[in-house]
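The values are calculated or read from the model by the stated rules, or taken from the named source; none is laboratory data. Since the structure is predicted, the reported quantities are computational estimates derived from the model, not experimental observations. Cβ sites come from the backbone with ideal geometry, for glycine too, and all protein chains shown count toward neighbours. Side chains are part of the model used for accessible areas, which takes the heavy atoms of the whole protein and leaves out ligands, DNA and RNA. Shrake-Rupley method; radii C 1.70, N 1.55, O 1.52, S 1.80 Å.
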Amino acid sequence: IKHLYGRQCFLPPSQLADSLAVQLWVVPGLRKRRAAAMGIALSMCSEALHVDTDSEYQRLETAGRPPVGDTLQEESRPSGPRLALRITYAPIKDSLGSRASPFADGDEVAVANVEGVKGWAPLGWCQERAARQHAGASAPSGSVWPPAPRQEAAQRFWGARIIASNGKDGFDEHWCVLQVALDPKHRDFEAAKLAVDDASLVASYAHRFNLHTAAALGEDMDPEEVPGIKVCAPVVCEVLGTTVPDLAAQDEFMILTVYSAPDVRKFVFEGIEEFLELPQAFFHYVAWSSGGKEVVADLQGFQDDDGVTLVNPLMIRQPKPTISDLIGAATGVGQAGQAGVPPEERFNTWHPRCGQLCKNFDPQRRGAHASRRNCGLSVPSCGVGGP
């Protein structure tokens, strides 16, 4: 096998990639090409690479690859990766409420190909509805989406085949959602971090919800054996190099989430979805557990024998009450929550009825306002009226 400079190379694949990366880094004028080093090694030494034949992506290919939608224009170049990425933020660990990412801080991965997946179209519906609502257009379920940075920054969701080191002188493949802000000004670290922090918070609620559900079924129940809620853990990535400049440029940030299902199903979105008790109960649990201060929205993903796996959930946080809120409550003028919608209305719209799981923790259905409201204010953090 020959590498860039025509010399024979007998290094293991992982060392070969590192060697090429180092040489591209130090050669004057080629610093920007360092990002492509691992991919060049992959393309030039493909026969020497070990790829896990039981990867999620390859199982999907065998069963029927997700339908291809949009395509990206590439710069003319030899075959190789479309993007080189470095993982910069991966805080979510494996737990009862999460499916941890195989990627860790500092890992560098190659995006072998990028394509649209028709079954993942629902991932973008939340932002579409919010944009339509804030523009004054009618929405199927009324005005319920609050203004927030994550809804205001339009996103594209691509299917991406990721190649990463397995730590054993070989490589594994992962089929992932590659989430990229449509507007380059939103492709910064802080904007990408919002989605990861939301997923981390939802996963912590899911962990507690799963423990509660198992306990309700009996003291001898193993939480690992009870169908529950899990969140796919996203990570923030920095672009080191790209051959698809219309997708992202060097030094921009995007979000990467391992997701193997060919479709995304909405479980709690506008209140008109087919009722599935487990995600509906989880939605209720978050509102109840937080005293109405937090609501998990846009619950979507897939269902299997282990329960429900969520991808790209959204957290809605109630703002702290202001003086005008208190005055309005005292004068009898009801104060709405974000986007002009009272928390109870949003709660009841998205969670039209309770099942048995809800009754285990909130039999009175007080999830949107867990505190008494002697002051008449529909924000439980006002501190008036006690618990």
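Estimated at the nearest 10 Å², the accessible area of R99 is 80 Å² with a 1.4 Å probe. Taking 0.36 nm per residue of separation and subtracting the current Cα-Cα distance, fully stretching the chain between N166 and D246 would add 25.8 nm. If you sort F209, F157 by accessible surface, 1.4 Å probe, largest first, the order is F157, F209. Once the C-beta distance of N113 and M221 is scaled by a Förster radius of 35 Å, the resulting FRET efficiency is 0.20 to the nearest 0.05. Using a probe of 1.4 Å on the protein chains alone, the accessible area found for C354 is around 40 Å². Checking the Cα-Cα distances for K118/K168; K118/K359; K93/K359; K93/K185; K118/K293 against a 32 Å cut-off, the pairs over it are K118/K168; K118/K359; K118/K293.
Rolling a 1.4 Å probe over the protein heavy atoms gives region 189-299 an accessible area of 35 Å² per residue.
Accessible surface for S204 stands near 40 Å², nearest 10, in the context of the full protein assembly shown (1.4 Å probe). Site pair S95 and F189 shows an inter-label distance of 2.4 nm when each label is modelled 7 Å from Cα along Cα→Cβ.
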